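Student: Take this structure first; my questions come after.
The values are calculated or read from the model by the stated rules, or taken from the named source; none is laboratory data. This structure is a prediction, so every number in the text was calculated from the model and none was measured. Cβ placement follows ideal geometry from the backbone for every residue including glycine, while neighbour counts extend to all protein chains displayed.
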Amino acid sequence: MAHKNYLFTSESVTEGHPDKVCDQISDAILDAILAKEAELEERGYVSPSGVPACLDNVRCACETFATTGTIVVAGEIRTQSYVDVQEIVRNTLRNIGYDRAKYG
């Protein structure tokens, strides 16, 4: 068997890496939606259109994109609840340690 040369690489990122930051933001949004929907379901909430709050009906395909000074949250979310996405993004960034404008 002939010896073949090949190159193997891998990447390890830390907490502040943009990919990790985006994952944490998307996760925080999903967690907030699920918590709020569970609260509404427990209270027996029914929307004006007659749809009851139910965790089984929640859909969240939330993607987050980041670049210097900008966060974009996009995707498709179906829920009876309301969560303040901007506030979730800001709180998540603060918790990670991005608490000054000079950090981006």
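Student: Considering only residues of region 1-33 that are of a type in the set (Ser, Thr, Tyr) and under 24 Å from ASN95 (Cα atoms), which is surrounded by the most Cβ atoms within 10 Å (Cβ to Cβ)?
Tutor: Narrowing region 1-33 to residues of a type in the set (Ser, Thr, Tyr): 6, 9-10, 12, 14, 26.
Now restrict to residues that are under 24 Å from ASN95 (Cα atoms): 12, 14, 26.
Values: SER12: 5, THR14: 6, SER26: 20.
Per the stated criteria, the residue is SER26.
Student: I would also like to ask the following. Go through region 56-71 residue by residue and tally those that are surrounded by 11 or more Cβ atoms within 10 Å (Cβ to Cβ), under 12 Å from VAL21 (Cα atoms) and not acidic (Asp, Glu).
Tutor: 4
Student: Determine which member of the set GLY16, GLY69, GLY44 is of a type outside the set (Phe, Trp, Tyr) and modelled with pLDDT of 90 or more. Let's see the steps before the verdict.
Tutor: Details: GLY16 fails: modelled with pLDDT of 90 or more; GLY69 fails: modelled with pLDDT of 90 or more.
On inspection, the qualifying residue turns out to be GLY44.
Student: Condition first: outside any loop (DSSP other than H, G, I, E, B) and surrounded by 13 or more Cβ atoms within 10 Å (Cβ to Cβ). Now tell me which residues in region 36-45 satisfy that. It would help to see each step written out before you state the result.
Tutor: The initial filter retains those residues of region 36-45 that are outside any loop (DSSP other than H, G, I, E, B), namely 36-43.
LYS36, GLU37, ALA38, LEU40, GLU41, listed by residue number.
Student: Of everything in region 73-98 that's assigned to a strand (DSSP E or B) and of a type in the set (D, E, K, R), which residue is surrounded by the most Cβ atoms within 10 Å (Cβ to Cβ)? Please lay out each step first, then the result.
Tutor: First, pick out the residues of region 73-98 that are assigned to a strand (DSSP E or B): 73-78.
When the remaining residues are screened for being of a type in the set (D, E, K, R), the result is 76, 78.
On the way: GLU76: 9, ARG78: 11.
Only one residue tops the list, namely ARG78.
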